[in-house]
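Student: Below is a structure I'd like to ask you about.
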Amino acid sequence: MCYTIIASRYVQLIYKKETMCEDMILDWLKEIRGKKTMKEVATNADIVESYYSMIENGVRCPPVGTAKAIARALNFDWHRFYDDDTPNSNGNTA
């Protein structure tokens, strides 16, 4: 019985992580990037450009290490990726 509860909670956590960026274009990230290209940011964060694009367009959620690398490359607090008060493309909060 204990295994069932643990497994159920694990699935809930994975589902939440996978869906938290769904339909959430990160306009704030585009604003911070400014005139830098996606390629410049990706290179400075040591990730590939296509992956950075997926993050910025809300297709992928960055793991903590990647969030920290992007934040370092653009000079902002990495917690912003996971902040519920950050507005999405519709002006609503997550």
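Student: Counting other Cβ atoms within 10 Å, which trypsin sites (Lys or Arg not before Pro) in region 34-80 have at most 14 and lie in a DSSP loop?
Tutor: For trypsin sites (Lys or Arg not before Pro) across region 34-80 that sit outside H, G, I, E and B with at most 14 neighbouring Cβ atoms in 10 Å, the list reads Lys35, Lys36.
Student: Let me ask you something else. Stretched out fully, how many nm does the piece from Asp27 to Arg80 gain, at 0.36 nm a residue minus the Cα gap?
Tutor: Extending this stretch completely gives an extra 17.9 nm.
Student: Once label points are set 7 Å from the Cα along Cα→Cβ at both Lys68 and Val48, what is their separation, rounded to one decimal in nm?
Tutor: The modelled label-to-label distance comes out at 2.4 nm.
Quick note: the coordinates plus some simple rules give every number you see, no bench work behind them. Everything numeric in this text was worked out from a predicted model, so none of it was measured. Positions of Cβ are backbone-derived with ideal geometry, glycine not excepted, and every protein chain shown enters the neighbour counts.
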